[in-house]
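Peer 1: Mind having a look at this structure? Questions to follow.
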Amino acid sequence: MDEHEREPGDRLILDDVTKQLATTLDLLSGDADEAAERAFAQIGVDSRAEAELLNEIASIGPLAHPDRFEQSHRLAMRAMEVLDRDGWKHPKLRSLGPLSGPARDATEFVARTIVRGYVAQVVRALARLYARREAQSQTLSQERRMLARARIQADRLSLGFKGGGLPLPTVLIGGAAVPVLASVARQAGALKGAGAFWIVLGGVLLAVVFAALAWVLLQGAGLAHRRIQVALAPSLAALYETIGHCGHPPRDQSETIAAAAIALTALTWFVLPIVVAVVATVL
């Protein structure tokens, strides 16, 4: 008999899958370790990762708390607007005299790039998540209508949240290009015949540039991370909770930028002096 010619009373694969998921949900309730052991023994799951996957699939409904979804969605949208507009402004920096203004502007530039890039990333992630949960909703259900509205809104917002202008990799590449250009100039004979004094002076100038760039990156990354945690993280966590079984919100890039700043600092204080000393000795 062809699968399209089944009798109404015939058992479908869907029936078996639904029953197994119901069994899995029951087995995985209660203590996590005991539930995992029961799952291993009774349904043939041979790893905790597989047990968690089945638990996610067995979760009932596209929304864990449909009565609170629209409220949490609106709160997250409001938080993203405020963060994108003001979350990178007014860093608290120590006084640097005449350099205070440029230092503030540079820090705000880095923070703005991270913050706006993160907001754009979150909007895209929510649009994908809403679309997937919409597809899981029953036709004409209230949950499907709520998710459809939220998905349309997220799609529209993605056109406005484009990120923070110039990408930070451009800044990092620009900083890394300084020693590369110096090396190229040396190979081309630009430093030929130069005394050790000028080599050391050039190394000092490069060290100052690297140190300033590392400081700006670290300050901007710290500012962006704090503002994201204060302005957006709580409402985003609440939204993910009302959706349920959807993992964790995206992470911002502040830690990556901070790591790059630390690496640049190490280059300034340890690698660059050695290179300058070797070059000065050779020339």
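Peer 1: Which one of 91, 98, 66, 62 is under 30 Å from residue 213 (Cβ atoms) and modelled with pLDDT of 90 or more?
Peer 2: 91
Peer 1: Take the conditions out of contact with any Ser or Thr (no Cβ under 8 Å at 6 or more places or on another chain), open to solvent by 10 Å² or more (accessible area, probe 1.4 Å), modelled with pLDDT of 95 or more and not aliphatic (A, V, I, L, M) and apply them to residue 104. Does it pass?
Peer 2: Against the criterion (out of contact with any Ser or Thr (no Cβ under 8 Å at 6 or more places or on another chain), open to solvent by 10 Å² or more (accessible area, probe 1.4 Å), modelled with pLDDT of 95 or more and not aliphatic (A, V, I, L, M)), residue 104 does not qualify.
Peer 1: Another question, then. Identify, by number, the condition in (1) closer than 30 Å to residue 135 by Cβ; (2) open to solvent by 40 Å² or more (accessible area, probe 1.4 Å) that residue 109 doesn't meet.
Peer 2: The single condition residue 109 does not satisfy is (1).
The values are calculated or read from the model by the stated rules, or taken from the named source; none is laboratory data. What you are looking at is a predicted structure, and each value in this text was computed from that prediction instead of being measured. In this analysis, Cβ positions are derived from the backbone assuming ideal geometry, glycine residues included, and neighbour counts consider all displayed protein chains. Keep in mind that these areas ignore ligands, DNA and RNA; they rest on the heavy atoms of the full protein, side chains included. Shrake-Rupley method; radii C 1.70, N 1.55, O 1.52, S 1.80 Å.
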